[in-house]
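Student: Pasting a structure here, questions to come.
The values are calculated or read from the model by the stated rules, or taken from the named source; none is laboratory data. None of the values given here were measured: they were computed from a predicted structure. Heads up, the Cβs are rebuilt from the backbone with ideal geometry, glycines too, and the neighbour counts pull from every protein chain shown.
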Amino acid sequence: MMYLSVTPSPHNLGTNKTSRVMASVMLATVPGVATLIYFFGYGVLFQIAICCLTAILSEMAILKLRQKDIAINLKDNSALLTGILLGISIPPLAPWWIGVIGTCFAIIVAKQLYGGLGFNLFNPAMVGYVLLLISFPVAMTNWLMPLELSHVVLSFSDYISAIFTGVTTTGLSIHELRLGIDGITMATPLDTLKTDLTLGLTSGESMQKPVFDSLGGIGWFWVNIAFAIGGLALLKLKVIRWHIPVAVLGSLLFFSLIGYLLNPDSQGSSIFHLFNGATMFGAFFIATDPVTAATSNKGRLLFGCFIGLLIYVIRTFGGFPDAMAFAILLANMTVPVIDYYSKPTTYGRGGNNE
Amino acid sequence: MLSLLSSWSLELKTIINLVDQGHQWKFHGGIHPPSRKERTKTLAISTIEMPQQLFLSLSQHIGQPAVPVVAIGDTVQKGQLLAKQDGFISAAVIAPTSGTISDICQYSNCHISGIETQTIVLTPDHLNTWRTKLPLTLTSDHQQILERIKLSGITGLGGAGFPAAVKLATKAAIEFLIINGAECEPYITSDDLLMQERGAGIVAGIEIMAQLLKPQRIIIAIEDNKPQAITAMKEAAKQSIIDIIVRAIPTLYPAGGEKQLIEVLTSKQVPSGKIPADIGVVVQNVATSHAIANAVLLDEPIVSRIVTVTGELVDKPGNYEVPIGTSIEQLLIHAQFKPQTQQKIIIGGPMMGFALQQINAPVIKSTNCVIAASINELPDAPPEQNCIRCGDCEQVCPANLLPQQLQWFAKDQDHKKLNDHNLFDCIECGACAFVCPSTIPLVQYYRVAKAEIRQTTEDKRQADRAKDRFEQRNIRLERDKQERLERSKKAAEVRQAAMSKNSDGDAVAAALARIKAKKAAAEESSDAPNKDRVAAAIARAKAKKSAQTTSPEPAAQESDDIDPQKARVAAAIARAKAKKAAQQQKIDSSNDQSTNADTIETIDPKKARIAAVIAKAKAKKTLELEQANNNGNDDKSVTVADTIETIDPKKARIAAVIAKAKAKKALEQQQSNNNNDQR
């Protein structure tokens, strides 16, 4: 008798695979990462490399401890993606161990100890980021000023040296690198505005500083644009759906507009909020992480709106300059409730349609 | 109520208006699997040579298996009834050609389970002789037409295999008759070719169904990837005496699902747990419609069907019209099947069809497609990975469920949550599993979960029933016990009352005393008062003894005043005798009665119990009499003391037991007789 293979239906499957989803997201970060490199130098690449390596090694280690199949689980690319996302979030010249600690925590604690891919409540990259931000606030807020404002030209080896030893080959510390021509430390636009507002300046006065240009913060506007382009590509490829990014950006626009109209002197404009810091990166690449987001379309809209609101509130009234990580983690907590109350109406149970 | 009705009819009117304007709706989700229909969609329907044997399963449909009306060795003609439908949801089996019934046995069936079913094996005589045909017309009596459809063994030929006559016999007012030519599953082209080549036959069937159902609108729905079929059907519909709308619907799996098709064409959703007729809709497949026309207008019941044979492993794919019962192996051989070391034979489409387990299984009425797929063409699913909650499944679910949530609950065997999330509204279309990036066999999880829930529900139902029965039994037993106690209490009271009237004494003691007195009286005439004293002593001893066995008080009382009460004793004897006689009579009559009654009716358990009680009482009575007689005899002996001793209480008890047993036996005999009578 000939061998008949008996499998349950359906017998044909689509071509979409988890590994492909993850790889697409990684690829979509390319424009954003390239822009970051353009404005802030190669440090970004090193941070991403450190985080990716750590992610893979820690994933392998924890899978071995958990007695899971290493090859199959590694192939889903989820650890690599976490590494990339965290690497993008870390200041370009942060010491190497920052990325290592953050990634280990993200992979081992935030993901695998919750049961691995699909079981984690919180976005691993953001958990790692927040751990670092709280534990090493100085290192984590030491963003370089844009290269065009810098008076030092860094070579490739300078970056390696700075990341692994804390000083460049010419002996400049990271603090010294962040000094402007006028000898004043330059922070990110969000940080600058926050500090200036606490110093009693108006937002308009703050915006006169060299870190800002007509579009907001120098470099950051374009970084956000680049990440948005990557995000739109993901939408086009149907890797992500529009609900979360649109809701995040829409609600951020809405709340910041209201705030700005009520109090233009002490708050950034909507444009400032939308194209600064991690807004586009977060809206398209972090908040859309399917594992930790709501599942239904309605739920995703709610989830995104909540993130947008939190970004605005934390940026404006909180103690940290940017808010994406906190906003997303807080929203992650609400997912089970959102999912429960945003169940779609099953076919034939609507009542009015009979 | 009236306003509700009018608003409802208004709504209906608007829906019909919208339908008339060509409006269509969308169902939730849906997918675009690769259609792979190109291989066969231009190949005309062709026939294959008559096989050497036909295997006609009695279970080719949803519902009860058919019941054979032929025996091994019978010669049959084409179209002859081989097995009749059993019950409302069942379908007849027809001889696809003339020949001999060579066997009726268990044989492989074209079913997902791979379980063998009762099968009639027909050896064709290759003469293909029809039985006499008695065609009906469109104007024939409805009942007659329905009966003809039923007798022709027509089931839904789209794949589900639901008996067609059941749907057509609905009493509901039908607004829409939908003819399903969507054929949304990949690969399959049998309906496509049928529509292209035999549109007139399909329309004739529609006319018959329209006659039966009197729908307000008739719509033939065809997916827009079948332009030739659409043209052909439009042409055929034009020739019809009735208005038939031919509607091209967007190609989107599973648009051909009954519920989805209804939503696309009418915007209505079939409420959960209801059937389309409940919302005024009947859906029939195009092939079913064609078969109905054949059965009614030509009196040709379902003897063959069109099967698409396709897949990479057949060199001669096609749309073959094959006799029902042809083995799939033979069909594949005809299509030049090239077996490999490993392959899948899929019956139906790749989305909802099943992998065949035995290649010798026959074509049945619902076999619309056979896919001989290489392992590269329809590969096994890669190992399941963790769900990443991407929600793609939810986006494509035509039932608007939350497949990923259902999957978690199914893995947890959380039946309550599964029910809360409407697992049973899943139509198992496979869209969720198709899009799942983690290749989770979602549908399989749902199937298992459904089976588990059904099993649990059934187990619970049975356990509840058993528990209920047990409790009822306990209540009954308790009630019987109470009744018995009540009866014996009453009887005791009556006895007590009767005795206190007589002698303030115990009945047994009284009886003994009576016997004594009688004897004494007999001897009195000859003997001295001396003897009188002896008799008195004996009576006393008797009384004492009986007092030991029964209640002591009254006996003790009585033993002293026997003498002066002789007269009363005699009277008591007479009364007892009379009573006994009366009882005997009653028993006899009641026995007679019960026997007579039981021959007609079922045995009344109460009656039987009464009879038992009576018999027991009788036995007791005989025992008493016996005892009394013994006593009497013994009295004749000289030594009083001895006499008392010889009345062994043990003996009396044994006698009682024997009597009881006898009575019981008699009763049993009687009962069994009654039972026999009954039978």
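Student: Any idea how many residues of the stretch A:119-166 are more than 14 Å from every other protein chain (Cβ to nearest Cβ) and either free of Cβ contacts under 8 Å to residues at least 60 places away in the same chain or part of a loop (DSSP other than H, G, I, E, B) (or both)?
Tutor: Here the count works out to 26.
Student: Here is a follow-up. If I go through the stretch A:60-115 residue by residue, how many of them are surrounded by 21 or more Cβ atoms within 10 Å (Cβ to Cβ) and within 14 Å of another protein chain (Cβ to nearest Cβ)?
Tutor: Final tally of qualifying residues: 7.
Student: Within the stretch B:108-134, can you find the residues that are in contact with a Pro (Cβ under 8 Å, 6 or more places away or on another chain), assigned to a strand (DSSP E or B) and closer than 17 Å to B:Pro65 by Cα?
Tutor: B:Thr117, B:Gln118, B:Thr119, B:Ile120
Student: Right, next: Go through A:Phe326, A:Phe320, A:Phe303 for me and flag whichever is closer than 20 Å to A:Ala125 by Cβ, within 14 Å of chain B (Cβ to nearest Cβ) and not basic (Lys, Arg).
Tutor: Residue meeting the stated conditions: A:Phe303.
Student: Would you confirm whether any residue within the stretch B:191-205 is surrounded by fewer than 24 Cβ atoms within 10 Å (Cβ to Cβ) and free of Cβ contacts under 8 Å to residues at least 40 places away in the same chain?
Tutor: Yes; the residues of the stretch B:191-205 include at least one that is surrounded by fewer than 24 Cβ atoms within 10 Å (Cβ to Cβ) and free of Cβ contacts under 8 Å to residues at least 40 places away in the same chain.
Student: Still on this structure, I have one more. Considering only the stretch B:342-369, how many residues are facing chain A (nearest Cβ under 7 Å) and among the aliphatic types (A, V, I, L, M)?
Tutor: Matching residues across the stretch B:342-369 total 7.
Student: Separate question: Has the stretch B:408-417 got any residue that is among the aliphatic types (A, V, I, L, M) and facing chain A (nearest Cβ under 7 Å)?
Tutor: No; the residues of the stretch B:408-417 include none that is among the aliphatic types (A, V, I, L, M) and facing chain A (nearest Cβ under 7 Å).
Student: While we're looking at this one, here's another question. Evaluate the following for B:Gln413: is it outside the structural domain of B:Ile112 (by TED's automatic domain parsing), of a type in the set (S, T, N, Q), over 30 Å from B:Lys26 (Cβ atoms) and in contact with a helix residue (DSSP H, G or I) (Cβ under 8 Å, 6 or more places away or on another chain)?
Tutor: yes
Student: Run down B:Leu313, B:Leu298, B:Leu265 and say which single residue is in contact (Cβ under 8 Å) with a residue 24 or more places away in the chain, within 14 Å of chain A (Cβ to nearest Cβ) and closer than 24 Å to B:Gln211 by Cα.
Tutor: B:Leu265
Student: When the stretch B:60-90 is examined, which residues are found to be surrounded by fewer than 21 Cβ atoms within 10 Å (Cβ to Cβ), in contact with a Ser or Thr (Cβ under 9 Å, 6 or more places away or on another chain) and among the β-branched types (Val, Ile, Thr)?
Tutor: B:Ile62, B:Val67, B:Ile72, B:Thr75
Student: Tell me the residue from B:Val307, B:Val282, B:Val296, B:Val322 that is out of contact with any strand residue (DSSP E or B) (no Cβ under 9 Å at 6 or more places or on another chain) and in the same structural domain as B:Ile219 (by TED's automatic domain parsing), please.
Tutor: Within the list B:Val307, B:Val282, B:Val296, B:Val322, the selection yields B:Val296.
Student: Being hydrophobic (A, V, I, L, M, F, W, C) and away from chain A (no Cβ under 11 Å): is that true of B:Leu332 here?
Tutor: Judged against the criteria, B:Leu332 is not a match.
Student: Filter the stretch B:432-485 down to residues that are within 14 Å of another protein chain (Cβ to nearest Cβ) and assigned to a helix (DSSP H, G or I), then give me how many there are.
Tutor: Of the residues in that region, 14 qualify.
Student: In the list B:Ala372, B:Ala381, B:Ala399, which residue meets the criterion of being part of a loop (DSSP other than H, G, I, E, B), out of contact with any His (no Cβ under 8 Å at 6 or more places or on another chain) and within 13 Å of another protein chain (Cβ to nearest Cβ)?
Tutor: Testing whether each residue is part of a loop (DSSP other than H, G, I, E, B), out of contact with any His (no Cβ under 8 Å at 6 or more places or on another chain) and within 13 Å of another protein chain (Cβ to nearest Cβ) leaves just B:Ala381.
Student: Restricting the first residue to the stretch B:456-476 and requiring it to be of a type in the set (Phe, Trp, Tyr), which pairs with a second residue that is surrounded by 10 or more Cβ atoms within 10 Å (Cβ to Cβ) and outside any helix (DSSP H, G or I) meet a Cβ separation below 7 Å and a spacing of at least six or different chains?
Tutor: none
Student: Here is a follow-up. For the stretch B:281-290, check the following and say yes or no: at least one residue is surrounded by fewer than 21 Cβ atoms within 10 Å (Cβ to Cβ) and either under 21 Å from B:Gly99 (Cβ atoms) or within 14 Å of another protein chain (Cβ to nearest Cβ) (or both).
Tutor: no
Student: Provide a single number: the residues in the stretch B:252-262 that are within 13 Å of B:Ile219 (Cβ to Cβ) and within 11 Å of another protein chain (Cβ to nearest Cβ).
Tutor: 1
Student: What helices (runs of 4 or more DSSP H), lying completely within the stretch A:215-304, carry at least 3 residues that are at pLDDT 90 or above and on the phi < 0 side of the Ramachandran plot?
Tutor: Result: A:220-236, A:243-262.
Student: Let me ask something else. Restricting to the stretch B:126-179, and then to whatever is under 19 Å from B:Lys365 (Cα atoms) and of a type in the set (Ser, Thr, Tyr), can you tell me which residue is surrounded by the most Cβ atoms within 10 Å (Cβ to Cβ)?
Tutor: Applying the filter and picking the extreme gives B:Thr155.
Student: Please list, ordered by first then second residue, the pairs with beta carbon atoms under 6 Å, 6 or more apart or interchain, first in the stretch B:224-238 and under 15 Å from B:Cys184 (Cβ atoms), second of a type outside the set (Ser, Thr, Tyr) and surrounded by 15 or more Cβ atoms within 10 Å (Cβ to Cβ).
Tutor: Listed pairs, sorted by first residue: B:Asp224/B:Ala248; B:Lys226/B:Asp192; B:Ala229/B:Asp192; B:Ala229/B:Met195; B:Ala229/B:Gln196; B:Ala229/B:Ile222; B:Ile230/B:Ile222; B:Ile230/B:Ala248.
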